[in-house]
Amino acid sequence: QVQLVESGGGLVQAGGSLRLSCAASGSTFSFNVIGWYRQAPGKQREWVALLYGGESTNYADSAKGRFTISRDNAKNTVYLQMNSLKPEDTAVYYCKMISGRYTYWGQGTQVTVSS
């Protein structure tokens, strides 16, 4: 069983930066894919950035050039560095891991970007 705990959210002004963390515990830090998703009020959850086990990455168009996903194996943690934040980035950000036939979600962390 894997537990994912996000942190690092908060309130930031437009143009600012935040770094989100997703700490995994309960098992070895091995996955097929791990990623960040977000859900704004009244909208469906959408993917933002993905990191595959082979270290390749993929970004939603809204995140390209501004967000960077990375991992620290020693800390069993995945990060999402978010720069040049916009009010439309306001959402609850979730971490999701797929490992074998199992899918795990974190509880989410709120990011609010003021104009």
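The values are calculated or read from the model by the stated rules, or taken from the named source; none is laboratory data. The model shown is predicted, which means the values in this text are computed figures rather than measured ones. Glycine gets a Cβ as well: all are built from the backbone with ideal geometry, and neighbour counts include every protein chain shown. Accessible surface is based on the protein model in full, side chains and every heavy atom, while ligands, DNA and RNA are left aside. Shrake-Rupley method; radii C 1.70, N 1.55, O 1.52, S 1.80 Å.
Answer yes or no: is there a residue in segment 94-109 that is in contact with a strand residue (DSSP E or B) (Cβ under 6 Å, 6 or more places away or on another chain), among the aliphatic types (A, V, I, L, M) and assigned to a loop (DSSP other than H, G, I, E, B).
Initial filter on segment 94-109 (in contact with a strand residue (DSSP E or B) (Cβ under 6 Å, 6 or more places away or on another chain)): 94-98, 104-106, 108-109.
Next cut, among the aliphatic types (A, V, I, L, M) only: 97-98.
Now narrow it down to the ones that are assigned to a loop (DSSP other than H, G, I, E, B): none.
So far as segment 94-109 goes, no, none of its residues is in contact with a strand residue (DSSP E or B) (Cβ under 6 Å, 6 or more places away or on another chain), among the aliphatic types (A, V, I, L, M) and assigned to a loop (DSSP other than H, G, I, E, B).
For the structure I just gave you, tell me whether ALA24 is assigned to a loop (DSSP other than H, G, I, E, B) and surrounded by 14 or more Cβ atoms within 10 Å (Cβ to Cβ).
Details: assigned to a loop (DSSP other than H, G, I, E, B): no; surrounded by 14 or more Cβ atoms within 10 Å (Cβ to Cβ): yes.
So ALA24 does not fit the description; no.
Take segment 27-37 and flag every residue that is touching a Phe, Trp or Tyr at 6+ places or on another chain (Cβ under 8 Å) and either part of a loop (DSSP other than H, G, I, E, B) or open to solvent by 20 Å² or more (accessible area, probe 1.4 Å) (or both). Quick ask: steps written out before the conclusion?
Start the filter on segment 27-37 by keeping residues that are touching a Phe, Trp or Tyr at 6+ places or on another chain (Cβ under 8 Å), which leaves 32-33, 35-37.
Residues satisfying the conditions are ASN32, VAL33, TYR37.
Would you tally the residues in segment 1-21 being part of a strand (DSSP E or B), of a type outside the set (Gly, Ala, Ser) and surrounded by fewer than 17 Cβ atoms within 10 Å (Cβ to Cβ)? Talk me through it step by step, then tell me what you get.
From segment 1-21, those part of a strand (DSSP E or B) are 3-7, 10-13, 18-21; that's our starting set.
Within this subset, residues satisfying the condition of being of a type outside the set (Gly, Ala, Ser) are 3-6, 11-13, 18-20.
With the extra rule that they be surrounded by fewer than 17 Cβ atoms within 10 Å (Cβ to Cβ), the set shrinks to 3, 5, 11, 13, 19.
The number of residues fulfilling the criteria is 5.
Check off (1) modelled with pLDDT of 95 or more; (2) in a loop (DSSP other than H, G, I, E, B); (3) more than 27 Å from SER115 (Cβ to Cβ); (4) of a type outside the set (D, E, K, R) for ASN58 and give me the number that stays unchecked.
(2)
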